[in-house]
Amino acid sequence: EAGVAQSPRYKIIEKRQSVAFWCNPISGHATLYWYQQILGQGPKLLIQFQNNGVVDDSQLPKDRFSAERLKGVDSTLKIQPAKLEDSAVYLCASSLREGRGASGQFFGPGTRLTVL
Amino acid sequence: AQSVSQHNHHVILSEAASLELGCNYSYGGTVNLFWYVQYPGQHLQLLLKYFSGDPLVKGIKGFEAEFIKSKFSFNLRKPSVQWSDTAEYFCAVSSGTYKYIFGTGTRLKVLA
């Protein structure tokens, strides 16, 4: 079974530039998540999609971050403009089943973003 | 607000020692509880999960966790660790509204 794919794996940009990350979840997984993981911290949920609808984006800084999931499969996360504090690993995950008795998430390798 | 606390940030053990990592959460409703592990250079992966039933849950690689509702705890245990268990361990909680919250993680180093 193919896992969650993410690209790029690494990205270095200067502040105020824009950047986009791509994620392809496991086939058949309706739920897709984007997390931000700052060094020394646990993953923080940015946005959760169920098919192509947003379930939760309460922690997404909407003035600079945006995400979409067209056709309920692939997803992109964009930052525009980037700030120094956006330096982090951006993780994508997908799951088969949510709610009570959730199946658990499968994570991709992440994109390490460095903002200079 | 929901929160997840992992009290041990760094743990160093010798091989064959017993392991217990603490996890406490703050949410009064029905929750799903998870432990994830990240081995060096690898992705986060699910170790075990609990939703209902037997509060002692067994996962992969000999790990188990016990849910104690009265203490809002979901501690991870392993009777005898191996060098290959060196990794970072994350506790996570999702509520009925789907929101996932992760703890800050515990870095385990097992000395051969």
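With chain B treated as a Gaussian network of Cα nodes joined by springs under 10 Å, which of B:Asn75, B:Asn24, B:Asn32 yields the largest mean-square fluctuation?
B:Asn32
So how much slack lies between A:Gln17 and A:Arg112, counting 0.36 nm per residue of separation and subtracting their Cα-Cα distance, in nm? Before the final figure, lay out the partial values.
Values: separation 95, 0.36 × 95 = 34.20 nm, distance 1.57 nm.
Here the segment from A:Gln17 to A:Arg112 would lengthen by 32.6 nm.
Using a 1.4 angstrom probe on the protein heavy atoms only, line up B:Phe72, B:Phe34, B:Phe67 by accessible area, largest first. Spell out each step's value before the answer.
On the way: B:Phe72 85, B:Phe34 0, B:Phe67 30 Å².
Correct descending sequence by accessible area is B:Phe72, B:Phe67, B:Phe34.
Select from A:Phe21, B:His10, B:Ser70 the residue farthest towards the positive end of the dipole of the protein assembly as shown; place +1 on Cβ of Lys and Arg, -1 on Cβ of Asp and Glu, and compute about the Cα centre.
It is A:Phe21.
Could you state the orientation-averaged shadow area of the convex hull built on the Cα atoms of chain B, in nm² to one decimal?
Values: hull surface 26.8 nm².
The number I arrive at for chain B is 6.7 nm².
Ignoring ligands, DNA and RNA, please state the percent of accessible area on the stretch A:57-116 from carbon and sulfur, probe 1.4 Å. Don't skip to the end; give the middle numbers.
Values: 1510 of 2760 Å².
Carbon and sulfur: 55 percent of the exposed surface of the stretch A:57-116.
Quick one: order A:Leu70, A:Leu91, B:Leu46 from most to least accessible surface, probe 1.4 Å. Don't jump to the answer; show the numbers that get you there.
Values: A:Leu70 115, A:Leu91 10, B:Leu46 50 Å².
Greatest to least solvent exposure: A:Leu70, B:Leu46, A:Leu91.
So how strong a dipole does chain B carry about its Cα centre when Lys and Arg Cβ are +1 and Asp and Glu Cβ are -1, to the nearest 20 debye? Before the final figure, lay out the partial values.
On the way: 10 positive and 7 negative charges, 35 e Å.
So the dipole magnitude of chain B works out to roughly 160 debye.
Just tell me how shielded A:103-111 is by partners: mean number of partner chain Cβ atoms within 10 Å of each residue's Cβ, no decimals.
Values: counts 4, 11, 9, 4, 7, 2, 4, 3, 0.
Partner-chain Cβ atoms within 10 Å, mean over residues of A:103-111: 5.
Once each part is reduced to its C-alpha centroid, what is the distance from the stretch A:53-87 to the stretch B:57-95 in angstrom?
Measuring centre to centre over Cα atoms gives 31 Å.
What accessible surface, in Å², does a 1.4 Å probe find on A:His29, ignoring ligands, DNA and RNA and rounding to the nearest 10?
About 20 Å², rounded to the nearest 10.
Counting only heavy atoms of the protein chains, get the accessible area per residue of the stretch A:1-109 (1.4 Å probe) and round it to a whole Å² value. Before the final figure, lay out each step's value.
Details: 5350 Å² over 109 residues.
Here the per-residue accessible area is 49 Å².
Accessible area per residue for chain B in Å², computed with a 1.4 Å probe and the full protein assembly in place, what is it?
Values: 5400 Å² over 112 residues.
On a per-residue basis, chain B sits at 48 Å².
Based on Cβ point charges of +1 for Lys and Arg and -1 for Asp and Glu, what charge dipole magnitude is obtained for the protein assembly as shown about its Cα centre, in debye rounded to the nearest 20?
Taking the Cα centre of the protein assembly as shown as origin, the dipole is about 260 debye.
If I take all pairs of Cα atoms in the protein assembly as shown, what percentage of them are more than 21 Å from each other?
Details: 14317 of 25878 pairs.
Considering the protein assembly as shown, 55 percent of its Cα-Cα pairs are separated by more than 21 Å.
Using 0.36 nm times the number of residues separating A:Ala30 and A:Val73, minus their current alpha carbon distance, what extension gain do you get? Write out the running numbers ahead of the final one.
Details: separation 43, 0.36 × 43 = 15.48 nm, distance 0.78 nm.
Computed gain between A:Ala30 and A:Val73 is 14.7 nm.
Modelling each spin label as a point 7 Å along the Cα-to-Cβ direction, I'd like the A:Lys83/A:Val54 distance in nm, to one decimal.
1.8
Go through A:Phe106, A:Val4, A:Leu77 and say which Cα lies farthest out towards the positive end of the charge dipole of chain A; charges sit on Cβ, +1 for Lys and Arg, -1 for Asp and Glu.
The listed residue farthest towards the positive side: A:Leu77.
Taking a probe of 1.4 Å and counting only protein heavy atoms, give the total accessible area buried between chains B and A in Å², rounded to the nearest 100.
Values: alone 6320 and 6540 Å², together 11050 Å².
Approximately 1800 Å² gets buried when B meets A.
The values are calculated or read from the model by the stated rules, or taken from the named source; none is laboratory data. Just so it is clear, the model here is predicted, and its values are computed rather than measured. Glycine also receives a Cβ, built like all others from the backbone with ideal geometry; neighbour counts cover every protein chain displayed. Protein only, heavy atoms only, side chains kept; ligands, DNA and RNA dropped before computing areas. Shrake-Rupley method; radii C 1.70, N 1.55, O 1.52, S 1.80 Å.
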